[in-house]
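Notes follow once the structure below has been shown.
No value in this document is a laboratory result; all are computed from the given coordinates. Worth saying up front: this structure is predicted, and the values here are computed from it rather than measured. Virtual Cβ from ideal backbone geometry, glycine too; neighbours counted across all protein chains shown.
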Amino acid sequence: MSGRPPPVGAERLAAACRRHRGVEGTVTDLRRHSGGASRETWSFTFTPAGAGAGPARRLVLRRDPTRTTLGADRATEYRLLAAGGAAGVPVPRVRFLLQGDDDLGDGFVMDHVDGETIPRRILRDEPFAAVRPHLAAQCGRIAAAIHTVALETLPALEVLDAPTQLERHRSLLDALGDPHPAFELGLAWLAEHLPAPTTPRLVHGDFRNGNFVVGAEGIRAVLDWELAHLGDPTEDLGWLCVRSWRFGRDDRPAGGFGSRAELLDAYAAAGGHEVGEADLHVWEVMGTLRWGLICQLQCQAHRQGLLRSVELAALGRRVAEQEWDLLALIDAGAGPGRRHPARTGPAPDARPGPALGAPADSGPRGSGPARPSAPAPGVAAPGAHPPGVIHDPPSAAELVGAVRELLSRDVLEVTEGRLRFHVRVAVNVLGMVERELTGDPATTTELVARLGALTADLDGTDIPARLAALAGAVRTGRIAADDPALRAFVTDLVRAKLAVSNPGYADPTDPADPTDPADPPEA
């Protein structure tokens, strides 16, 4: 497939169903779903024509919106679902693989599975209250079923063990060209804590809340197999425990459902291998780093025009969340999932401006970092209109705030489906821009000074160059990964970026900012 595939239309899709199923019929209720920034998912009803032709059937089309190097192609995913279903893994039944004559691009059609996939509802709504306490154990049993699928039944898959993934993460970080000292600290930590080699097994690759169809009795199907590969099965368990996939339920680290112990005990009882907490922790670190890099990669797809989407654009600013979680996970003084310690460097009263892209905290409160005080929506902070600007009020921050207010108050009320989802993302993006524009540059100045002190003997003059030099120094060992000044600076830098991208993220006990998303974005 080159470029974007033809549009999905009812008649074209009906023709494909008739060709593959050998029966005349029509397609109705065609609808694109909002979930999934990297794949298209469409639901529809195919109704056979004529008496005795059989009942109408709800089906789902999965296809690529454009050619991508991220994940398996649809033919491989189709065969994975077929193999998993034959082995007893709960998956949708696949019906047919698209061919060139279908004129719909690369994809396949499978059965629709009734149930809920939106994590917010699964973790909060009353219909799932009775089953929620059992979902962590169900995840353990399903993971064990995945990891015991016979390899000879699978399509050709890449082997991705821990050392290979670490090297690829390092190479991807370099290719993206956006220096992240926090990621360098994660790479250094992982290099010292890689798990022992293990016999490669089938790994789902995206086993998490958001890719499960859940009903009253529990998980009915596991979706989105495009990242499947052969490797260490503990990877799936660690990925499920990555903080982003808890969707705000940090007291339940296994997918927002329950404890790590519930997950691991059920996994072992169902035929999975015994997993130690240390190995699980390593894969949680690896998964956090990986999700941060995927966020960068998807943002690049938007910036380069490969797939224009406000959702993908917003992911670039959410990398700071993964940086924050990564620092907490590798901190020698904090166990898996604990909050990062409070500010370790100077704590100026001012908030930073646009140079480093985010405000910082105003100081500690209790045992954790405090959130900055933000102006009301649509109202610029005092002094936000910088000197030398020739334009009359409103300021740029006030204009952004006004648009955000309009979208969140009026437009969101009258939209639904995919458009409503993207309006929510747009509101969050405008909130990020507004917080950046209303920042005071004093804290940025302080951070830049600390960066300069750390990189005084390194190449680079502007901020990106000095960050790149700092990241390189960590990579090569010129600055030790456990250097206190380095760790303090990286922690405060990430906190400052978070204060713009998601102010409440660094302190989950604070009430959520009205402009911040309740859930992380979907992969």
(request) With a 10 Å radius around each residue's Cβ, average the other Cβ atoms per peptide and rank 302-309, 252-259, highest first. (result) 252-259, 302-309
(request) Run the dipole for the range 162-238 about the Cα centre, Lys and Arg Cβ at +1, Asp and Glu Cβ at -1, nothing else charged, and hand back the magnitude in debye, nearest 20. (result) 160 debye
(request) Calculate I(q)/I(0) for the range 10-111 by the Debye formula, one identical point scatterer on each C-alpha and no solvent, and give its log10 at q = 0.14 Å⁻¹ to two decimals. (result) -0.55
(request) Sort 149-157, 181-189 for me by packing, meaning the mean count of neighbouring Cβ atoms within 10 Å per residue, highest on top. (result) 181-189, 149-157
(message) Could you list L202, L412 so that the one with the fewest beta carbons within 10 Å of its beta carbon is first and the one with the most is last?
(response) L412, L202
(request) Any chance you could run the full-extension gain for H391 through E126? It's 0.36 nm times the residue separation minus the Cα-Cα distance, nm to one decimal. (result) 90.2 nm
(request) Could you calculate the contour length gain from A156 to T198, that is, 0.36 nm times the residue separation minus the distance between their Cα atoms, to one decimal place in nm? (result) 13.2 nm
(request) Give a residue-ordered list of calculated ³J(HN,Hα) values for the range 55-64 (Karplus: 6.51 cos²θ - 1.76 cosθ + 1.60, θ = phi - 60°; whole Hz; x for Gly, Pro). (result) x, 5, 10, 7, 10, 9, 9, 10, 8, 7
(message) Let me check I have the definition right: for the range 193-275, take the eigenvalues of the Cα gyration tensor, multiply each by 5, take square roots. What are those semi-axes in whole Å, largest first?
(response) 20, 16, 13
(message) As a footprinting exposure proxy, order H281, H180 by other Cβ within 10 Å, with the fewest listed first.
(response) H281, H180
(message) Could you order the peptides 10-16, 316-322 from most to least packed, using the average number of other C-beta atoms within 10 Å per residue?
(response) 316-322, 10-16
(message) What percentages make up the Cα-Cα pair-distance distribution of the range 171-214 when the bins are 5 Å wide from 0?
(response) 5, 14, 14, 13, 20, 22, 9, 3
(request) State the extension gain, in nm to one decimal, for the chain segment bounded by R57 and L406, taking 0.36 nm per residue of separation less the distance between their alpha-carbons. (result) 121.6 nm
(message) What distance in nm separates the two pseudo spin-label positions at R303 and D251, each 7 Å out from Cα along the beta-carbon direction?
(response) 3.9 nm
(request) Please state, as a whole number in µm²/s, the translational diffusion coefficient that the Stokes-Einstein equation yields for the range 103-199 at 10 °C and 1.306 mPa s, with Rh defined as the Kirkwood radius across alpha carbon pairs. (result) 86 µm²/s
(message) Rounded to two decimal places and with Rh computed the Kirkwood way over Cα pairs, what is Rg over Rh for the range 119-296?
(response) 0.96
